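The values are calculated or read from the model by the stated rules, or taken from the named source; none is laboratory data. In this text the structure is predicted, and so the values were computed from the model without any measurement. With ideal geometry, Cβ positions are generated from the backbone for all residues, glycine too; neighbour counts draw on all protein chains shown. Ligands, DNA and RNA are stripped out before the accessible areas are found, and what is left, the full protein with its side chains, is counted by its heavy atoms. Shrake-Rupley method; radii C 1.70, N 1.55, O 1.52, S 1.80 Å.
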Amino acid sequence: MMAGGLVELRSIDVVPDNERHGRAFSQFTLWLGANLQITAVVTGALAVVFGGDVVWSIVGLLVGNLLGGAVMALHSAQGPKLGLPQMIQSRAQFGVYGAVVPLLLVVVMYIGFFASGSVLAGQAVGELTHTDDTTGIVVFAVVTALMAAVGYRVIHTLGRVASVICALAFVYLGIRLLDRADVGALLGDAHFSFPMFLLAVSLSASWQLAFGPYVADYSRYLPRTTSPKATFWWTLSGSALGSQWSMTFGVLVAATAGEKFLASQVGYVVALGGTGAVASFFYFVIALGKLTINVLNTYGGFMSLVTGVSGFQGRRVLSRGGRAAYIALIMVAGTAIALLGKDSFLSSFKDFLLFLLTFFTPWSAINLVDYYLISKERYDIPALSDPRGRYGTWRWGALAVYAVGLLAQLPFLATGFYTGPCVEPLGGADVSWIVGLIVPALLYWLVARRDTAHLPEPAADAPAPEAVAPQR
């Protein structure tokens, strides 16, 4: 990024110290704004739709947001230290070529999230522009791609704006909802069910874990001297507060409106807010909330795609034209899926996306164990781009652990197209994410200690070199 410039020029190359800027607090506003949005509301509502009560659903969602958010925030703390996007760090665990395995799955997931988010946002944009859903989806996708192309600075600016506007909107909507609901009756109907409690925990934890593959992308420009603890706590605070706020609203909506909300999430929220100009404002709020998260999905998908391809090409920098092409590819793929599925199959596709989350809990466990326990927060950054370097091409031990982590989750997995044999004894709760964190974490710690025992320590930390100037 040019000093003081708006348009980002860097992609997967290391951010040198003279281009670092900002404070850890920026992570709070970004992740607060990204979570105050309608899809998080729907996620919270599912805890009640599937049979939970209001009190224990809210408590379970809070537990999951804190647990999953802590894992996500540990990834965020890596950004200032390394100055690198999140997924390129996977080369240290899986090898320069081997990292393409989780990378491909990350790209597919974020294209899918782009598509599903575009459908809801397209409805709001269509209402605002007095057109239709198809036009709304296309307009929304183009705006998303343009913001992702500008990059890091505009993403954080969008987060700050969304955090304020969406917070005010949710306060107003909460007041309107509480005015309609018999809160005393809802709170008095508490009946603890362990399976339903686990389900609520899993819903919110999975929501947080989905941010793991790209969270450091948005902290890597922070100065190297930024406290890891500050980065961790501001990230966790913003993400957990935003998601818990939205999901609690979803729980109350589901408990009072039920099928009316699920039949038309956008329509119900707007009607709750009011009519006329007020309704237009809430259509804008819904579109803004989805824009914030979809820009993250587009930018993160672009970063992951570039990381995967560049591992085989040996490139560290990307031209502006190449950057635009990668972002356009993400946008076109996500928009095509949104248009094809807007009337029929997106519910099934969301099940597929949730299934893909199964692939990222083992990755998250392996990445965190390697960074904090094995490598002690020190990587040989030039070797991350060198197949002949210390990390090699394919690190089969890590890939084997990853595979075991995937298989270990299957008995505990519950999706629309596959349910494991251990789900029914747990009352239908999906706890695969717990297994997917613990099993590969322990196995990788054992394997990596053996595999890295003969390697020299990375060089002691020093100020980041002046990275190669990005092509224009």
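The table below lists the values:
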| read-out | value |
| --- | --- |
| Relative contact order, percent, the chain [alpha-carbon distance under 8 Å, six or more residues apart] | 32 |
| Between helix 38-49 and the chain: long-axis angle, C-alpha atoms, 0 to 90°, nearest 10 | 60 |
| With every protein chain in place, the stretch 213-269: carbon and sulfur % of accessible area (1.4 Å) | 66 |
| Filtered trypsin sites (Lys or Arg not before Pro), the stretch 1-107: DSSP coil and at most 16 other beta carbons within 10 Å | R23 |
| Which of E424, E377 is most accessible, then next, and so on - probe 1.4 Å | E424, E377 |
| Between helix 25-35 and the chain: long-axis angle, C-alpha atoms, 0 to 90°, nearest 10 | 50 |
| Added length on full extension, which subtracts the Cα-Cα distance from 0.36 nm per residue, T131 to I438 | 105.6 nm |
| Per-pair calculated FRET efficiency, R0 = 30 Å: S280 and A336 via Cβ, rounded to 0.05 | 0.55 |
| Accessible surface of W56 - all protein chains present, 1.4 Å probe, nearest 10 Å² | 90 |
| Convex hull volume per residue for the stretch 367-415, taking Cα atoms only, in Å³ | 111 |
| Solvent exposure, largest accessible area first (probe 1.4 Å, DNA, RNA and ligands not counted), of R320, R224 | R320, R224 |
| Protein accessible area in the stretch 10-99, 1.4 Å probe - carbon and sulfur % | 73 |
| Hydrodynamic radius (Kirkwood) for the chain, which is based on Cα pairs only, to one decimal in Å | 22.5 |
| Separation in nanometres of the label points that stand 7 Å from Cα toward Cβ, at K229 and S264 | 5.2 |
| Mean accessible surface per residue for the chain, computed with a 1.4 Å probe while every protein chain stays in place, in Å² | 38 |
